[in-house]
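Since the structure comes first, as structure tokens, the remarks are kept for the end.
The values are calculated or read from the model by the stated rules, or taken from the named source; none is laboratory data. Everything numeric in this text was worked out from a predicted model, so none of it was measured. Because the Cβ atoms are built from the backbone with ideal geometry, glycine has one as well, and the counts that use them run over all protein chains shown.
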Amino acid sequence: MRITNQELSRRRFMKTALAGGMTAIASTGSWESAAAMLAVPVGRSVNGVGIDDPELVQLSINENPLGASPHAIEAVAHKMFSLNRYPPREPVLHEAIAKYHVNDGISIDMVATGVGSTEILKAIGMLAMIDGGNVIEPVPGYGAVSGVASTLGREPIRIPLTEDLQTDLNTVKDAVNSETRIVIFTNPNNPTGQLIPYTDLVAFLDSVPESVIVCVDEAYIHFVGDTSYRNMVGLTKTRKNLFVARTMSKAFGLGGMRVGYGIGHPELISRVRPHLLGWLGRSVLGDVASIAALGDRQHLQDVRTHVSREKEYLYQALTELGLKPVKTETIFVIADMGRNTEPFIQELAARKVLIRQAFGMDNYIRISTGTHTENEILIEVMKEVMSKGV
Ligand SMILES: Cc1ncc(COP(=O)(O)O)c(C=O)c1O
């Protein structure tokens, strides 16, 4: 039998590992006994997907509770002996992204990739504001593009949401002036989880001059309940000032891989590229994981189904606890506690349950959807802390 390079590498890897620290473990017999030797007695068993601490309930940073697509994990495993290699210069990832958006007619010259959508948002903000001007953002909002304005020493124009947490598009439109270079919408929004209707966004686009970039951050778009909701990607072919940011970190479960992308008219993309790291900002593993994840529609659907089911569980459980949860179109839930939530959040953290305050909304907690076990533990611990009057 011909031994492939991969098999050779695997054998070398095992040999080296066994010659090192793993020898003692291996010689005691089975892998089970080795695992038992390493196991620390735990107070509770959560074993969140991808979390080393078996007790930790991590629900504060909107991670995918089911993990990445098995195809992505397999693709990474196949590439683990290529860590010495630079990523391919060829736009393989761009091709996979264009293919994912094939129904919208997206070509690779309409795609830019970045180190998470964080890099993408920073780059579009830089492009828009480097020569002066400003950003308008409804608040509370995610704030990444407004952050660029602050870095450049300019004050972002912040337009408060309405009482019922909706984006006031008329007020945003009225705030646009000759200095405005970019308007950013996070849709659905973080931290409120609310969605701007498609037709309202199109009307907004119609109402601003083409010199104003309209950036729509669709980080959570896969979790929108109404599956007929039209995203903004399809409009980028005809709207030269529309830029859509997407991430592989949420629905695709690749937060640790740091891959995001932007979609826009080829002219806009060619202007944003100089502000991005480009191929040296990509990684061998991030590329293959993303390509595999984009191709796994079943996993995406499983994630959506799980999140929507668990959000229903959380809405009900939080209501039973006397809180006022808000229905969201994202991976997280928010709930009004009627008082500043920071002390409560600290008490949960002391019990290894991590949630956060919905930024800019002192009375609200924001909970990322976990596995069912994680969500149940969260509710139990919340009950315990609330019974102490915190
Ligand atoms: C609305 C929104 N946009 C962008 C990001 C950045 O994500 P990443 O850099 O992992 O793509 C986040 C992360 O939580 C987010 O909530």
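Here's the yes/no breakdown for (1) surrounded by 14 or more Cβ atoms within 10 Å (Cβ to Cβ); (2) farther than 26 Å from Gln298 by Cβ; (3) of a type in the set (A, V, I, L, M, F, W, C); (4) not assigned by TED's automatic domain parsing to the domain that holds Ala96:
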site: Thr167; (1), (2), (3), (4): yes, yes, no, no
site: Thr186; (1), (2), (3), (4): yes, yes, no, no
site: Thr192; (1), (2), (3), (4): yes, yes, no, no
site: Pro197; (1), (2), (3), (4): yes, yes, no, no
site: Arg239; (1), (2), (3), (4): yes, yes, no, no
site: Leu242; (1), (2), (3), (4): yes, yes, yes, no
site: Ala245; (1), (2), (3), (4): yes, no, yes, no
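Taking Tyr315 and the conditions (1) over 30 Å from Val208 (Cβ atoms); (2) surrounded by fewer than 20 Cβ atoms within 10 Å (Cβ to Cβ); (3) in contact with a Lys or Arg (Cβ under 8 Å, 6 or more places away or on another chain); (4) outside the structural domain of Ile355 (by TED's automatic domain parsing), which numbered condition does it fall short on, given that it satisfies the others?
All conditions pass for Tyr315, except number (4).
Working carefully through the options Ile377, Ile365, find the one that is over 13 Å from Tyr313 (Cα atoms), surrounded by 22 or more Cβ atoms within 10 Å (Cβ to Cβ) and in the same structural domain as Lys311 (by TED's automatic domain parsing).
On the way: Ile377 fails: over 13 Å from Tyr313 (Cα atoms).
Only one candidate qualifies: Ile365.
Tally the residues that are buried (at least 22 other Cβ atoms within 10 Å of the Cβ) and within 16 Å of the ligand (Cβ to nearest atom), restricting the search to the stretch 252-271.
Number of matching residues: 9.
For the stretch 110-138, how many residues are in a helix (DSSP H, G or I), hydrophobic (A, V, I, L, M, F, W, C) and within 16 Å of the ligand (Cβ to nearest atom)?
From the stretch 110-138, those in a helix (DSSP H, G or I) are 110, 116-129; that's our starting set.
From what is left, the residues that are hydrophobic (A, V, I, L, M, F, W, C) are 110, 120-121, 123-124, 126-129.
Next, from what is left, pick out any that are within 16 Å of the ligand (Cβ to nearest atom): 120-121, 123-124, 126.
Total satisfying the criteria: 5.
Is it the case, given these coordinates, that Val172 is over 18 Å from Asn231 (Cα atoms) and within 14 Å of the ligand (Cβ to nearest atom)?
Values: over 18 Å from Asn231 (Cα atoms): yes; within 14 Å of the ligand (Cβ to nearest atom): no.
Answer is no for this residue.
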